[in-house]
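Got a structure for you, questions after.
Laboratory data are not the source of any read-out in this text; all were calculated from the coordinates shown. For clarity, every value in this text was computed on a predicted model and none was experimentally measured. All Cβ positions, even for glycine, are placed from backbone atoms using ideal geometry, and neighbour counts span all protein chains on display.
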Amino acid sequence: MDSTTIVIDLLLRKYKADQKWTRIVIEQLSEEDIVWSPTPESNSIANLVAHISGAVYQWFETVYFGAPYIDDRSEEFERGMQMSKEQALELSKKSYDCLIQVLEMMKANPERILEQPYLNFPTFNGALDNQATILEMLLHQFRHLPSHTGQIIYIAKMRKGHLVWE
């Protein structure tokens, strides 16, 4: 097995686990829990789910599934964001399904992992530039998205105290 396949398999396991834990947690929450934030300046689970979705949309759906590029994602962090439990579950599932689908595509065509699909996009402002490869983006998201999964779990624990992990 080559190193590209090893990395892709690792990422697949991680994103499948994050998808599972996010679903298990959200299923245990109430509608009120989804939109609650610990402080007025903090994100709610709704904000975090919207942010995960926005990141996946911007970096993967635009390249692999032809979605229009959106540069302004500030609505992900609006205070008082409303989202139902079902919407949170659906949006989270869609986001992780997209990541998993892209990784499966990379596994089938590992030579594509060094492609630079963002070259013709508007200039990026952030951790990566337009010359980023798919590998760089996948590794960037490997650091970024699980931190938000952890935040979702932490907020859920603040609300529920005890979560069931079955």
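Quick check: the distance between the Cα centres of region 70-84 and region 1-56, to the nearest angstrom?
Spelled out, the Cα-based centre of one part sits 16 Å from the other.
Another question about this same structure. Scanning the chain for trypsin sites (Lys or Arg not before Pro) in DSSP loops with at most 14 other Cβ atoms within 10 Å, what's the longest stretch left with none?
It runs 80-166.
If the viscosity is 0.692 mPa s and the temperature 37 °C, what translational diffusion coefficient in µm²/s does Stokes-Einstein give for region 1-102 when Rh comes from Kirkwood over Cα pairs?
The calculation lands on 224 µm²/s.
Taking K and R as +1 and D and E as -1, what net charge do the other residues with C-beta under 11 Å from the C-beta of Ser95 add up to?
Around Ser95, the charge tally is -2.
Over all alpha-carbon pairs of region 52-96, lay out the pair-distance distribution in 10 Å bins, whole %, shortest bin first.
25, 51, 23, 1
Going by how many other Cβ atoms sit within 10 Å of their own, how do Ile70, Ile8, Ile153 line up, fewest first?
Listed from fewest to most nearby Cβ atoms, that is Ile70, Ile153, Ile8.
How many percent of Cα pairs in region 1-41 exceed 13 Å?
Values: 545 of 820 pairs.
Roughly 66 percent, rounded to a whole number.
Excluding Thr22 itself, calculate the net charge of residues whose Cβ lies under 13 Å from the Cβ of Thr22, where each Lys or Arg counts +1 and each Asp or Glu counts -1.
Once all neighbours under 13 Å are counted, the net charge is +3.
May I ask you to derive the relative contact order of the chain, considering only C-alpha pairs under 8 Å and at least 6 residues apart, and to give it as an integer percent?
Relative contact order comes out at 32 percent.
Same structure, new question: Just from its helices, what would the mean residue ellipticity at 222 nm be for the chain, if runs of 4 or more DSSP H residues each count -39500 (n - 2.57) and the sum is divided by every residue, rounded to the nearest 500 deg cm²/dmol?
-19000 deg cm²/dmol
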